[in-house]
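Worksheet for the structure shown next.
The values are calculated or read from the model by the stated rules, or taken from the named source; none is laboratory data. Here the structure is a predicted model, which is why all the values come from computation and not from measurement. No Cβ is skipped: glycine too gets one built from the backbone with ideal geometry, and neighbour counts run over all protein chains shown. In case anyone asks, the SASA skips ligands and DNA or RNA and just uses the protein heavy atoms, side chains included. Shrake-Rupley method; radii C 1.70, N 1.55, O 1.52, S 1.80 Å.
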There are 2 protein chains.
Amino acid sequence: MSLCQHADEQGKKVFWGLEGLYVNETEICYIDNDSGKIYYRGYDLEELVKYASFEEVAYLLLYGKLPNARELEEFSRQLRARRFIDSSVIDLLKMLPADAYPIDVLRLSIDYYCTRKKFINTGSLKDNYELAIDLISKLPVVLAYFYRISKGLDVVLPREEFDHPANFYYMMMGREPDPVEYEAVKTIFIIYADHSLANSTFTAITVASTLSDLGSAIIAALSSLKGPLHGGANREVVNMILEIGDEENVEKFVKEKIERKERIMGFGHRVYKSSSRGDPRVPILKEVARKLAEKKGGKYLKVFKIAERLENEVTSRLGSKGVRPNVDLYAGVLLYLLDIPPDYNPAIFAISRIVGWVAHVLEYWKHNRLIRPLERYVGPIGLKYVPLSERE
Amino acid sequence: MSLCQHADEQGKKVFWGLEGLYVNETEICYIDNDSGKIYYRGYDLEELVKYASFEEVAYLLLYGKLPNARELEEFSRQLRARRFIDSSVIDLLKMLPADAYPIDVLRLSIDYYCTRKKFINTGSLKDNYELAIDLISKLPVVLAYFYRISKGLDVVLPREEFDHPANFYYMMMGREPDPVEYEAVKTIFIIYADHSLANSTFTAITVASTLSDLGSAIIAALSSLKGPLHGGANREVVNMILEIGDEENVEKFVKEKIERKERIMGFGHRVYKSSSRGDPRVPILKEVARKLAEKKGGKYLKVFKIAERLENEVTSRLGSKGVRPNVDLYAGVLLYLLDIPPDYNPAIFAISRIVGWVAHVLEYWKHNRLIRPLERYVGPIGLKYVPLSERE
């Protein structure tokens, strides 16, 4: 078939997976593999996790600076004020099967909301920030509502005095988080909020580059995040740990995986492959997970210990090849410790990462350029059309 | 702010818009600017438009070869058999405002359908072809249903004896297309079916590269297609022509646009910028449009003539700079001649291009590689976190 391949196409260099390629300029997130640090808008992520609220970090990512007291109050007020969803969206949630994938449910809800509101890209920054804050505020509410509706539980109304992470936990679980739980939710929300051009964020700017609307960019990003090589990984991690079942099975599990050359979920990341320091998010999440696991004990501590043993086992065998734990290992554990069902993990990633998607889209639009690559043609050309009756 | 920019990031080459960059290998579509031809799987698009049915072309793109009589019969049978949509999707359509954007409605319908069916990527080619044929078959049905429901008209049931393009026209318009109309619909369906890595197709493989599911890839592609720099252009073209209103206004319109350095919809395409032959799809669509316009006369012929005058005026002024008509100019005209309301044009693009999206995703999965580029950081690093009370 490839006999008549076009000569011009020979020898074209193909950038598979766009690996190592710079496609954009950004002021949002910087991953410094030399120092093992991640910066949001120039601020060390570790410091932000320690000192800042989720609202401060979201404001920082969206607007490019830490808010002052007045700005933070106004931003928080807007987020709080939009914690209600249309009754038509609730009707839609009730039309879905109880075991629908929560990440699909989030996407569908935004899709429905944006279709009804006829969102298009007006080019107005004000409109886009308004929609962004609206969606950032509503996504956790939709998730909590779906969780409770699908379980046959009464929905829990938002509470004015709770901030964004606390209100989500409260609306989903029906009780206020204790301080350690609150720290866990807040840490996950901050850690997942951006990570430069992850596939979903790149998808968001790719869609946005056609001047499609912000809602469309987010719907596309959610479609990407669903994938097991991206946002689906924190779900797989928990299922894997539960399948391993006990610390003493870890060694055998890892050995067999390596022998069969199978991927071990929660390990390896293209960006950190050649870094001796690994993913800087791992130690942050691990310490919060340890604290919560030790406090809760029992099956929770058991899951944490399996993860820690996995980390040691995999790192000692594959660390020299750049395979180390990634963000999803202890994020998955932490979500388990918070009693989140594994199917909800990718959706929780989404309700945090939406901040990074919006920040990136708005930044990309400042100097928009349609993303439209080429592909190297390796098929035939000039085949003769044969009438149907003469085909074999 | 950029004083403390990280030194490593200086001088990194940024591939804005991925222009001129090869990101994939393909056997699906080849654009040969030297000869001014487009090939689907090695067959000249012009010949396919002339001799092949839409079903043959869809089969060719999806399976890599022209079907024999038995294969074509089976494929057509499957497409026909799936021309019904769940009553729950019809309920959803009835919940939408009558003036919702049809492209949003298509996306939402797939989103709803896939969420309810809990589609994930099983990795099975059989499953994926099944979903693909299902969606290719149902998309035109959804569009026709929404059109008639939103206009308060009775829905029209599919007819067994009609092929894919004829059945769509029949279900939307409530009458069988005459031979010239049929040729127009079929030509648009074939011409729009693929165009290598257009933004929406690139979006589809980007999402698919996380091993997310085929439905998710299509939902993301629809989000891209909505943009006015992509699938939204055939809508803008018609609105522009109607605004111009008369052939004799064309010269003034073009002059003013050029003076104000504004984009003229339906002109210019990155892939054909340096080609002396322009977009090969333009003459094909133009001849079908001319035939239909002359047959229908009146306001239809007027719109065709404005488009033709626009083509001449823009090409004589900007042709030397590579600005020539693109596919959307006469596709937009043709859709107007078929009495399709301009808001529906991007959705009609979608019900054809879904074939190319599927073909590309299934091909990409054969040698899947996660798409995950980098971005050049141009912001500050090492900013000191200042407590809220000390911020100005």
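Would you mind finding the one in A:Ser109, A:Ser124 that is surrounded by 15 or more Cβ atoms within 10 Å (Cβ to Cβ) and among the small types (Gly, Ala, Ser)?
A:Ser109
Please report, ordered by residue number, the helices (runs of 4 or more DSSP H) entirely within the range B:289-392 with at least 2 residues that are out of contact with any helix residue (DSSP H, G or I) (no Cβ under 8 Å at 6 or more places or on another chain) and free of Cβ contacts under 8 Å to residues at least 24 places away in the same chain.
Ranges flagged: B:298-318.
Is one or more of the residues making up the range A:152-166 part of a helix (DSSP H, G or I) and buried (at least 20 other Cβ atoms within 10 Å of the Cβ)?
There is at least one residue in the range A:152-166 that is part of a helix (DSSP H, G or I) and buried (at least 20 other Cβ atoms within 10 Å of the Cβ).
For the range A:235-248, indicate whether the set of residues that are at positive phi, open to solvent by 10 Å² or more (accessible area, probe 1.4 Å) and touching a His at 6+ places or on another chain (Cβ under 9 Å) is non-empty.
Looking for residues that are at positive phi, open to solvent by 10 Å² or more (accessible area, probe 1.4 Å) and touching a His at 6+ places or on another chain (Cβ under 9 Å), one finds none in the range A:235-248, hence no.
Checking B:Phe75 against (1) facing chain A (nearest Cβ under 10 Å); (2) buried (at least 17 other Cβ atoms within 10 Å of the Cβ); (3) of a type in the set (Phe, Trp, Tyr), only one condition comes out false. Which one?
(1)
Is at least one residue of the range A:343-357 open to solvent by 30 Å² or more (accessible area, probe 1.4 Å) and under 19 Å from the mean Cα position of the chain (by Cα)?
Yes, the range A:343-357 has at least one match.
A:Pro373 - would you say it is more than 30 Å from B:Ala52 (Cα to Cα) and modelled with pLDDT of 95 or more? Let's see the steps before the verdict.
Values: more than 30 Å from B:Ala52 (Cα to Cα): no; modelled with pLDDT of 95 or more: yes.
No: the conditions fail for A:Pro373.
When you scan the range A:85-96, do you find a residue that is out of contact with any helix residue (DSSP H, G or I) (no Cβ under 8 Å at 6 or more places or on another chain), among the hydroxyl-bearing types (Ser, Thr, Tyr), more than 8 Å from chain B (Cβ to nearest Cβ) and in a helix (DSSP H, G or I), even just one?
The answer is yes; a qualifying residue exists.
Only residues that are touching a Pro at 6+ places or on another chain (Cβ under 8 Å) and assigned to a helix (DSSP H, G or I): list them for the range A:33-54, please.
Residues satisfying the conditions are A:Leu45, A:Glu46, A:Tyr51, A:Phe54.
Kindly indicate whether any position in the range B:375-385 is of a type outside the set (Lys, Arg), surrounded by fewer than 24 Cβ atoms within 10 Å (Cβ to Cβ) and more than 10 Å from chain A (Cβ to nearest Cβ).
No, because not a single residue in the range B:375-385 is of a type outside the set (Lys, Arg), surrounded by fewer than 24 Cβ atoms within 10 Å (Cβ to Cβ) and more than 10 Å from chain A (Cβ to nearest Cβ).
Condition first: over 27 Å from A:Ser212 (Cα atoms), of a type in the set (A, V, I, L, M, F, W, C) and without any contact (Cβ under 8 Å) to a residue 24 or more places away in the chain. Can you find one or more residues in the range A:20-43 that meet it?
no
Restricting to the range A:371-388, name every residue that is among the aliphatic types (A, V, I, L, M) and either assigned by TED's automatic domain parsing to the domain that holds A:Ser212 or in contact with a Ser or Thr (Cβ under 6 Å, 6 or more places away or on another chain) (or both).
A:Ile371 - this is the single residue of the range A:371-388 that is among the aliphatic types (A, V, I, L, M) and either assigned by TED's automatic domain parsing to the domain that holds A:Ser212 or in contact with a Ser or Thr (Cβ under 6 Å, 6 or more places away or on another chain) (or both).
Going by what's in this entry, would A:Ile133 be described as part of a helix (DSSP H, G or I), out of contact with any strand residue (DSSP E or B) (no Cβ under 9 Å at 6 or more places or on another chain), among the hydrophobic types (A, V, I, L, M, F, W, C) and surrounded by 18 or more Cβ atoms within 10 Å (Cβ to Cβ)?
Spelling it out, A:Ile133 is indeed part of a helix (DSSP H, G or I), out of contact with any strand residue (DSSP E or B) (no Cβ under 9 Å at 6 or more places or on another chain), among the hydrophobic types (A, V, I, L, M, F, W, C) and surrounded by 18 or more Cβ atoms within 10 Å (Cβ to Cβ).
Output the residues belonging to the range B:111-128 that are within 10 Å of chain A (Cβ to nearest Cβ), part of a helix (DSSP H, G or I) and over 24 Å from the mean Cα position of the chain (by Cα).
B:Arg116, B:Lys117
Does the range B:214-231 include one or more residues that are small (Gly, Ala, Ser), at pLDDT 95 or above and open to solvent by 10 Å² or more (accessible area, probe 1.4 Å)?
no
Out of the range A:267-288, which residues are hydroxyl-bearing (Ser, Thr, Tyr) and in a loop (DSSP other than H, G, I, E, B)?
Across the range A:267-288, the qualifying residues are A:Ser274, A:Ser275, A:Ser276.
Out of all the residues in the range B:103-149, which are touching a residue at least 60 places away in the same chain (Cβ under 8 Å) and over 23 Å from A:Ser224 (Cα atoms)?
Passing the criteria: B:Pro140, B:Leu143, B:Tyr145, B:Tyr147.
Could we say that B:Ala184 is within 14 Å of chain A (Cβ to nearest Cβ) and part of a helix (DSSP H, G or I) here?
Numbers: within 14 Å of chain A (Cβ to nearest Cβ): no; part of a helix (DSSP H, G or I): yes.
For B:Ala184, the condition - within 14 Å of chain A (Cβ to nearest Cβ) and part of a helix (DSSP H, G or I) - is not met.
Out of all the residues in the range A:168-178, is one or more over 26 Å from A:Lys286 (Cα atoms), under 19 Å from the mean Cα position of the chain (by Cα) and in a helix (DSSP H, G or I)?
no
If I ask for residues that are more than 8 Å from chain A (Cβ to nearest Cβ) and either over 19 Å from B:Leu285 (Cα atoms) or aliphatic (A, V, I, L, M) (or both), which ones from the range B:24-54 would you list?
Scanning the range B:24-54 gives B:Ile31, B:Ile38, B:Leu45, B:Val49.
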